[in-house]
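Heads up, the thing below is written out as structure tokens.
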Amino acid sequence: MKSMKPIRFVLFLSLFFVGCGTISRGCAKYFGYDEVCVDGVKYIQFTSGASVKYNPNGTVATCR
């Protein structure tokens, strides 16, 4: 019988990439939206998509 380690590893990686953003969309479903930081820019995640977050003065909101 062959080792199951490579199969488990591939399964784990595929589930990791498929689930990307799932938690944020889940939070958006419960709270209405979720804020996400990507490459120093804040985004507002909704259940159906995302948008850049803007500051009250019209500039793009940044994050670390």
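Just so you know, all these numbers are worked out from the coordinates, no wet-lab data involved. If you're wondering where the values come from, they're calculated on a predicted model, not measured in any experiment.
Structural remarks
- Taking amide H as placed 1.01 Å from N in the peptide plane, Glu35 has its amide H under 5 Å from the amide H of Gln45, each at least 5 places away in sequence or on another chain.
- The range 21-64: relative contact order as a whole-number percent, Cα under 8 Å and 6+ apart: 30
- Remark: the range 36-47, residue by residue, has Karplus-estimated 3J(HN,Hα) of 10, 9, 9, 6, x, 10, 7, 10, 9, 8, 10, 5 Hz, where x stands for each Gly or Pro and the curve is 6.51 cos²θ - 1.76 cosθ + 1.60 at θ = phi - 60°.
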